[in-house]
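The structure appears right after this line, and notes come after that.
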Amino acid sequence: MSKISQHNSTPGVNGISVIHTQAHASGLQQVPQLVPAGPGGGGKAVPPSKQSKKSSPMDRNSDEYRQRRERNNMAVKKSRLKSKQKAQDTLQRVNQLKEENERLEAKIKLLTKELSVLKDLFLEHAHNLADNVQPSSTENTTTNSDNAGQ
């Protein structure tokens, strides 16, 4: 059986080339191998969107450059306004919550005073009831002692 190998190298992502190997007449499939594309090997991963932008420098006087700058400036303004609005909304919400907290604290004080007054009234009423009601066992003892002497 004769083995005929063929190697094809294709540039891959992040500076890594993929070597595709085909083996003829053996019936075996080989798995592609990853090897560094350059002598230094590997490197930082760069998203495809940034690779294409860096590869074509723009002339600062071109219409396309001016349009991109205008769009970018508008986006920056919009972002800053949005950020400023969010900060104002947050500050407004903080102030609302502070006011609500103050109202609730005042309500707590009022209800605590009311509870104290009602508690005092209840205790005074309960004490008066206890003083006005004579125990029944004391009445029976005095009555029985009076009857025994007769």
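How about the stretch 98-113: which of its residues are among the charged types (D, E, K, R) and open to solvent by 100 Å² or more (accessible area, probe 1.4 Å)?
First, pick out the residues of the stretch 98-113 that are among the charged types (D, E, K, R): 98-100, 102-103, 105, 107, 109, 113.
Once the filter is applied, which keeps residues that are among the charged types (D, E, K, R) and open to solvent by 100 Å² or more (accessible area, probe 1.4 Å), the stretch 98-113 yields Lys98, Glu99, Glu102, Arg103, Lys107, Lys109, Lys113.
Taken as a whole, the structure leaves Lys53 outside the set of residues that are out of contact with any helix residue (DSSP H, G or I) (no Cβ under 9 Å at 6 or more places or on another chain), modelled with pLDDT of 65 or more, open to solvent by 90 Å² or more (accessible area, probe 1.4 Å) and assigned to a helix (DSSP H, G or I).
The values are calculated or read from the model by the stated rules, or taken from the named source; none is laboratory data. On a predicted model such as this, the values are computed, not experimentally measured, just so you know. Glycine gets a Cβ as well: all are built from the backbone with ideal geometry, and neighbour counts include every protein chain shown. Side chains included, ligands, DNA and RNA excluded: accessible areas come from the protein's heavy atoms. Shrake-Rupley method; radii C 1.70, N 1.55, O 1.52, S 1.80 Å.
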